[in-house]
Amino acid sequence: MLLAEYVLRIVGRVRQRPEGTINPDLPTGQVEVLCRELEILNPSETPPFQIEDDAVSEEHRLRYRYMDLRNPDMLRRLRFRSKVSLALRHFLEDRGFIEVETPMLTKATPEGARDFLVPSRLHPGSFYALPQAPQMFKQLLMIAGFDRYFQIAPCFRDEDPRHDRAGEFYQCDVEMSFVEQDDIFAVFEPVMRGIFEEFS
């Protein structure tokens, strides 16, 4: 017996499906393979859920994330995020910004939420903190003369989750030296307008 997730090797002839058996919901719904040889390369257990099933709970999808990511809607979302991030990088680079990735392990700083701590193997009893935001690093960059900086930065905050905040999230962190409010609007209104025009 063959199951849906089996990996097969089939030798045969591709032919037009007979009248009445065409499936317009499949990309290959107009053709079929007339099999002469079949070999099971790898069997598979029954998947924990069907990818196209919209009734699966979020908890179940997250538990089997490798399955959920096969959903075409998830792929569409990831492609969309990738394209927006790339466009944002191009817009900012064209306006003289430099992208700098700041360190992920740092010292704890007094901010609005608790830090996530990472114990140090080399210095027992000491801890690194995951950054709530790259604030002190961008200040160092400004002092060093990088007058236009940005990064799409991960931020970590050990706080109770809310509808608009998670323990880990990303933000576009930007800094400009010696500017007024109007200078910021002059840069970012075209950037945001360009992104919305391209992806709306």
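The values are calculated or read from the model by the stated rules, or taken from the named source; none is laboratory data. No experiment lies behind these values; they were computed from the predicted model shown. Note that each Cβ is placed from the backbone with ideal geometry, even for glycine, and that neighbours are counted across all protein chains shown. We work out accessible area using only protein heavy atoms, side chains counted, and drop any ligands, DNA or RNA first. Shrake-Rupley method; radii C 1.70, N 1.55, O 1.52, S 1.80 Å.
Report yes if residue 49 is modelled with pLDDT of 95 or more and not charged (D, E, K, R), otherwise no. The answer is no for residue 49. Kindly evaluate residue 142 against the criterion of being open to solvent by less than 70 Å² (accessible area, probe 1.4 Å) and either without any contact (Cβ under 8 Å) to a residue 24 or more places away in the chain or farther than 22 Å from residue 85 by Cα (or both). Yes: the conditions hold for residue 142. Select from region 78-128 the residues that are free of Cβ contacts under 8 Å to residues at least 40 places away in the same chain and among the small types (Gly, Ala, Ser) and list them in ascending order. Across region 78-128, the qualifying residues are 82, 108, 120, 125, 126.
Can you tell me which residue within region 106-128, out of those that are among the small types (Gly, Ala, Ser) and surrounded by 13 or more Cβ atoms within 10 Å (Cβ to Cβ), is nearest to residue 157 (Cα to Cα)? Out of the qualifying residues, it is 113. None of 157, 193 is buried (at least 16 other Cβ atoms within 10 Å of the Cβ), more than 12 Å from residue 102 (Cβ to Cβ) and under 27 Å from the mean Cα position of the chain (by Cα) except 157. When region 169-184 is filtered for residues that are under 22 Å from residue 90 (Cβ atoms) and exposed (fewer than 12 other Cβ atoms within 10 Å of the Cβ), only 183 remains. All conditions in (1) out of contact with any Asp or Glu (no Cβ under 9 Å at 6 or more places or on another chain); (2) closer than 20 Å to residue 6 by Cα hold for residue 43, with the sole exception of (1). Note down all Cβ pairs under 7 Å where the first residue falls in region 161-189 and is assigned to a loop (DSSP other than H, G, I, E, B), the second is surrounded by 10 or more Cβ atoms within 10 Å (Cβ to Cβ), and they're at least six residues apart or on different chains. Pairs that qualify, where the first residue is assigned to a loop (DSSP other than H, G, I, E, B) and the partner is surrounded by 10 or more Cβ atoms within 10 Å (Cβ to Cβ), are 161/167; 167/156; 167/157; 167/158; 177/142; 177/147. Here 133, 166 are screened, and the one residue that is in contact with a strand residue (DSSP E or B) (Cβ under 6 Å, 6 or more places away or on another chain) and open to solvent by less than 60 Å² (accessible area, probe 1.4 Å) is 133. Here the helices (runs of 4 or more DSSP H) wholly within region 1-105 that include at least 3 residues being open to solvent by less than 80 Å² (accessible area, probe 1.4 Å) are 72-94.
Within region 145-154, if we keep just the residues that are open to solvent by 30 Å² or more (accessible area, probe 1.4 Å) and in contact (Cβ under 8 Å) with a residue 12 or more places away in the chain, the residue that is nearest to residue 98 (Cα to Cα) turns out to be 148. Beta carbons closer than 7 Å, at least 6 apart along the sequence or on distinct chains, pair a first residue in region 26-37 that is on the phi < 0 side of the Ramachandran plot and without any contact (Cβ under 8 Å) to a residue 24 or more places away in the chain with a second that is part of a strand (DSSP E or B) and open to solvent by less than 80 Å² (accessible area, probe 1.4 Å) for 33/12; 34/12.
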